[in-house]
Amino acid sequence: MASVALSEAEKVYIMHGVQEDLRVDGRGCEDYRCVEVETDVVSNTSGSARVKLGHTDILVGVKAEMGTPKLEKPNEGYLEFFVDCSANATPDFEGRGGDDLGTEIANTLYRIFNNKSSVDLKTLCISPREHCWVLYVDVLLLECDGNLFDAISIAVKAALFNTRIPRVRVLEDEEGSKDIELSDDPYDCIRLSVENVPCIVTLCKIGCRHVVDATLQEEACSLASLLVSVTSKGVVTCLRKVGKGSLDPESIFEMMETSKRVGKVLHASLQSILHKEESLGPKRQKVGFLG
Amino acid sequence: MLKSKTFLKKTRAGGVMKIVREHYLRDDIGCGAAGCTACGGAHEGPALEPQPQDLASSLCPQPHYLLPDTNVLLHQIVSAWRPGTWASVASSLRLPGSLETYVEQEKGENANDRNDRAIRVAAKWYNEHLKKMSTDNQLQVIFITNDRKNKEKAVEEGIPAFTCEEYVKSLTANPELIDRLACLSEEGNEIESGKIIFSEHLPLSKLQQGIKSGTYLQGTFRASRENYLEATVWIHGDNEENKEIILQGLKHLNRAIHEDIVAVELLPKSQWVAPSSVVLHDEGQNEDDVEKEEEREQMLKTAVSEKMLKPTGRVVGIIKRNWRPYCGMLSKSDIKESRRHLFTPADKRIPRIRIETRQASTLEGRRIIVAIDGWPRNSRYPNGHFVKNLGDVGEKETETEVLLLEHDVPHQPFSQAVLSFLPKMPWSITEKDMKNREDLRHLCICSVDPPGCTDIDDALHCRELENGNLEVGVHIADVSHFIRPGNALDQESARRGTTVYLCEKRIDMVPELLSSNLCSLKCDVDRLAFSCIWEMNHSAEILKTKFTKSVINSKASLTYAEAQLRIDSANIRDDITTSLRGLNKLAKILKKRRIEKGALTLSSPEVRFHMDSETHDPIDLQTKELRETNSMVEEFMLLANISVAKKIHEEFSEHALLRKHPAPPPSNYEILVKAARSRNLEIKTDTAKSLAESLDQAESPTFPYLNTLLRILATRCMMQAVYFCSGMDNDFHHYGLASPIYTHFTSPIRRYADVIVHRLLAVAIGADCTYPELTDKHKLADICKNLNYRHKMAQYAQRASVAFHTQLFFKSKGLVSEEAYILFVRKNAIVVLIPKYGLEGTVFFEEKDKPNPRLIYDDEIPSLKIEDTVFHVFDKVKVKIMLDSSNLQHQKILMSLVEPQIPGISLPPDDISNMNLNGPEKKKMKLEK
């Protein structure tokens, strides 16, 4: 991951600040930085979103393609994740440098979506055992400024919200051979319910307190952090510790409580902003990459 | 302004793809109205007339433009196009002011709704725009649509809108326009009236599924000429068996029309039928005849042995209609004042078409063109509308037009776009033209052609070299210098494919300036040529071959007869004559060698008309005379073609345009062998050489014409020679010429194939540059396909023209008796050839109203015994020739036997007067019966 050179004195300064619930950029321990979300930024995807969190910049594209259901789940579609760490984000990612991080993030995403409630995979089924929609979720890291996981999870949720899957019908003739017919109305499409799609709230242990949405500098001061994926109802779907330090159970409980609290607020504001954006309709002036 | 257009597409693999296209909207498309300042200089393309001089419409008296919607445009443009009527057609295709009139598809709106809305927006825009332009000049745009909802919406939005019918009816000045409207009644009306005769056509998606799974078969529908209740479907694909499926009965034909691509379902074996040998023509006038039809259908199902049964099917759906406008005549309805009439197409394979017209009386007895609009399920006949009146039946111009149209010969005058690529006159050879070109103006070149030929595409020379060898040159007009690849001129000539020679008319492939002037190798002018020059020894062996672009100056344009005269008169010793003598000598050797190799000398009775110079009526017929000089020119053309074929194939093994003539299957020769055997002659057909030799030996001292007859028969056994692309085929052999490789190089003025060959050769010798299409073998194969089609159609058109003129000739001549030879013997007829006229005809022995004579047909000899007289092939008979006008559309030459005399069948030589050949009287006789 992107590293930042920080002197001991700076680290002490940050740690002391956190102790007093006052962070370098003036936030409290449970405050997020300003999040910018825009959906439908890439026209040739089924759904896309771009999220900026501080200087962290994430682009997510969702592509719906026809595939065959997995054998163990014959009447469900599935999601595939791929994370590309662009060398634009940091020179460390050049060549294969970003591969490990990419795989790590993709695996985390697989884990948080690996439950029945997050996305209703049955809506992705076209005909059991034969055809289903596969959603390829491609994440592109454009810039890193701490708290990658949170930003990515927000972007994935926004992109899934934006995803429109064309409606198809399966025609069957007498002999049982099937043919797929595509609706010719471009507005006739399936939307996914993102109600239960979780977001990751990362809590960084700094000193004896923890902060949400750590910047790159703050991350450098932390020895251990906890990724908690929370749904809008405050249900924790996945928990993961990263970093080389250890956490005592006491503080883990504390951190989970914080994440539920913060997560609910995060979901609520994300949901409202997404709906607000959609209500502007197709005539919305797009910001895109030039904004 | 940039917009993106997004749509979903199903891929072939079955997936769904989202496709995004960028759309740049133009802001510089003007309204097209003359004098519009707002649109400024943004005028391009066709402009609207400043004052639309419309036919007065009672619905909107003020001047107006029309803006038809897409469907109206699609269905009515052919029928109602008249200059000035649809003034704004062109601008409606590219909606003006596209920034303001751009419409995006909205939610809940399908693509058609969007288009309708776009046109309405455009109409509205036009009206506001024109108002702004000038206040005193109240121009209006009227929106024409046949869609009820669309019209309602337009009226709501304040756009003056009418249906097509309303508008055309309001044109009080031109009542005949209404006839031309395509009658497309709405679906609703159709079901109400009459009962449903035909089963429904399946939708395309179902058909495709069925074809994939093998339940249905896809093929081309070919209606039978003889029997309107029968058709065959040629199944596409490699599967050799079941290639042809028979369809019998109206219901099974299910509204398919000749040449349509259809899907058929095979019937169970128990319902299979044999092709009937009955001749049936549709004569019904009423709709209610369906029961009668069924009776007739039963009639077809005569008892036949099981072996005769063929796969039988029924049409379940139409994959692609192949309708075109059809020539024919009106059969006026019996009911007076009726506006609905039946139209009988000249092509017997096309069903009769019901049209609505008020001018039936004026159209009667004329050749007209009708287009089909549709065939509802409850209608016995397809519906159509009148398109054009060609003229009176029997008029020479009308008939020529008809035969050109029916044979799909493009014969319109060349368009401005095509003519714009012609060189500017006065034309002369420039420095630039001389690049890569050899100056051969000093050579003594001359051309030899039939009399009256204006498109001279070949010239020859021959001279002795210092080393004692002979230099022979064939110089071909350099047409590819003038026709540059890809331009409109090239495309048009590629489409035409060949010049079509009719009896009194020539339909040029290239504009006259080229065909009769710049490309024609006339004498005493400098012309560009493509030369093929050989160095030969005196026994006509080629020592060296050279191809070059050149400039020549022909010293003489001779006719075959003139050239022959020069060669024969010993006292003429000028350069041209020496050159001709040299050529003639070499040609004789070449010919001998070619025949030794097994080239066939075939014969066909070629006829030439002597035309009256003023009326252009044929006065006399004459079979073509062949002189030595004909074969001299031919020999060198063959040699040039073969040399060029070798060269281009050597250079471009994958995409050389060649010509092949496949060997006929042995079964083709059966008729020839049997016929010869009946005269105690043996014809060997195992190779071309043995065929040629046995034909040469087949002489009968008492019957000198026999050999020609045999050769005529042999010609009939041959296959068609075709163009092909060398990369797409591996059999190059030319059977008739006994050459392993052959192409066409020598007539680029009248054949497009030669133009391509010229280009290939020019690239091969580095005299011209290549272009991508030239080296694309699929493109080349497409060109070949078109050329083969055009050549075939041109041949048919030529034959039809000869037949028509023969009729004219005999019409003026009255009844004549002539000597004839039997060419074929059929079950109930003999086919005879009259050598004097080169005319072939059939003598029938069964007539409708007469008792049938006793006929015994022997397939083996073959012979036909009538009463007590036996007819063999090649027997000499005497026939009477007359013109049968009982069917106005298909006048034909009728022949009846005079000698040998068979009581009750042949005509007594003097008894002509009681023959009744007039149509109406014949009909009366039938009625009495």
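Show the residues, 5+ positions off or on another chain, whose built amide H is closer than 5 Å to the amide H of A:GLY146.
When sequence neighbours closer than 5 places are left aside, the close amide H contacts are A:LEU216.
Taking the mean number of other Cβ atoms within 10 Å as a proxy for protection, how do you rank B:467-478, B:536-547 from highest to lowest?
The packing order, highest mean first, is B:467-478, B:536-547.
In segment A:115-174, which GluC sites (Glu not before Pro) fall in coil by DSSP and have 11 or fewer other Cβ atoms within 10 Å?
Those that pass, being in a loop and sparsely packed, are A:GLU174.
Determine the shielding of peptide B:362-373 by partner chains: average, over its residues, the number of Cβ atoms on other chains within 10 angstrom of each Cβ.
Taking all residues of B:362-373 together, the mean is 0.
Net charge within 10 Å of B:SER199 by Cβ-Cβ distance, Lys/Arg positive one each and Asp/Glu negative one each, not counting B:SER199 itself?
+3
Å³ per residue of the Cα convex hull, for segment B:461-516?
134
For segment A:90-104, what does the Karplus curve 6.51 cos²θ - 1.76 cosθ + 1.60, with θ = phi - 60°, yield as ³J(HN,Hα) per residue in whole Hz, taken in order and with x for Gly and Pro?
Here the 3J(HN,Hα) series is 7, x, 4, 7, 4, x, 9, x, x, 4, 4, 4, x, 4, 4 Hz.
Considering amide H positions built from the backbone, and no H for Pro or chain starts, which residues 5 or more places from B:PHE871, or on another chain, come under 5 Å of its amide H?
It is B:LEU864, B:LYS865, B:ILE866, by chain and number.
Taking just the alpha-carbon atoms of segment A:8-280, what radius of gyration and Dmax come out, in angstrom?
In Å, with Rg to one decimal and Dmax whole: 20.3, 78.
5 Å is the cut-off here: which amide hydrogens, built 1.01 Å from N in the peptide plane, fall below it relative to B:ALA346, excluding neighbours closer than 5 in sequence?
Here B:CYS327, B:GLY328, B:MET329 satisfy the definition.
Starting from 0.36 nm per residue, how many nanometres of slack lie between B:LYS792 and B:GLN901 once their C-alpha separation is accounted for?
The span from B:LYS792 to B:GLN901 would gain 35.2 nm if fully extended.
Suppose R0 equals 56 Å; then what is the FRET efficiency for B:ILE572 and B:GLN416 from their Cβ-Cβ distance, rounded to the nearest 0.05?
Computed FRET efficiency for B:ILE572 and B:GLN416: 0.70.
Please turn the phi angles of segment B:383-394 into ³J(HN,Hα) values with the Karplus equation 6.51 cos²θ - 1.76 cosθ + 1.60 (θ = phi - 60°), one per residue in order, whole Hz, x for glycine and proline.
8, x, 9, 6, 10, 7, 9, 8, x, 6, 5, x
Which length gain, in nm to one decimal place, applies between A:TYR13 and A:LYS233 when the Cα-Cα distance is subtracted from 0.36 nm times their residue separation?
Contour length minus Cα-Cα distance gives 75.6 nm.
Please state the shape class of segment A:1-47: rounded when a/c is under 1.5, otherwise prolate if a/b exceeds b/c and oblate if not, all from the C-alpha gyration tensor.
Taking the square roots of the gyration eigenvalues as a ≥ b ≥ c, segment A:1-47 is oblate.
Can you pull the one-decimal nm distance between simple spin-label points at B:LYS269 and A:ALA268, each 7 Å off the Cα toward Cβ?
Using points 7 Å along Cα→Cβ, the separation is 8.0 nm.
Taking θ = phi - 60°, what integer Hz values does the Karplus form 6.51 cos²θ - 1.76 cosθ + 1.60 yield along segment A:254-271, in sequence order, with x for Gly and Pro?
4, 5, 5, 4, 4, 5, 4, 4, 5, x, 4, 5, 4, 4, 4, 6, 5, 4
Spin-label point model (7 Å from Cα, Cβ direction): what's the B:ASN517 to B:GLU535 distance in nm?
Modelled inter-label distance: 4.1 nm.
B:PRO748: net charge of surrounding residues, Cβ under 11 Å, Lys/Arg +1, Asp/Glu -1, itself excluded? Show your work: numbers first, answer last.
Details: positive: B:ARG750, B:ARG751, B:ARG759; negative: B:ASP455, B:ASP457, B:ASP458, B:ASP478, B:ASP754.
Counting the neighbours of B:PRO748, the net charge comes to -2.
Suppose R0 equals 56 Å; then what is the FRET efficiency for A:ASP31 and B:THR70 from their Cβ-Cβ distance, rounded to the nearest 0.05?
The value I calculate is 0.40.
Determine, for each peptide in B:111-124, A:5-18, the mean count of other beta carbons within 10 angstrom over its residues, then list the peptides with the highest first.
B:111-124, A:5-18
Applying 1/(1 + (r/R0)^6) with R0 = 45 Å to the Cβ-Cβ distance of B:SER812 and B:LYS785, what FRET efficiency is obtained, to the nearest 0.05?
Between B:SER812 and B:LYS785 the formula returns 0.60.
Compute the length gained on full extension between B:LYS243 and B:ASP868: take 0.36 nm times their separation in residues and subtract their Cα-Cα distance, giving the result in nm to one decimal.
Using 0.36 nm per residue and subtracting the Cα-Cα distance, I get 220.8 nm.
How charged is the neighbourhood of A:SER232? Take every other residue with its Cβ under 12 Å from the Cβ of A:SER232, and add Lys/Arg as +1 and Asp/Glu as -1.
Neighbour charge sum, excluding A:SER232 itself: +3.
Compare the peptides B:213-219, B:638-644 by average per-residue count of other Cβ atoms within 10 angstrom and give them in order, highest first.
The most tightly packed comes first, giving B:638-644, B:213-219.
Would you please report the Å³ per residue occupied by the convex hull of the alpha carbon atoms in segment A:45-186?
Spelled out: Cα convex hull of segment A:45-186, divided by residues, is 124 Å³.
If eta is 0.692 mPa s and T is 37 °C, what Stokes-Einstein diffusion coefficient results for segment A:178-291, Kirkwood Rh from Cα pairs, in µm²/s?
193
Read-outs: derived from the displayed coordinates by stated rules, not from any lab. Nothing here was measured: the structure is a model prediction, and the numbers come from that model. Counting neighbours? That spans all protein chains shown, and the Cβs are built from the backbone with ideal geometry, glycine included.
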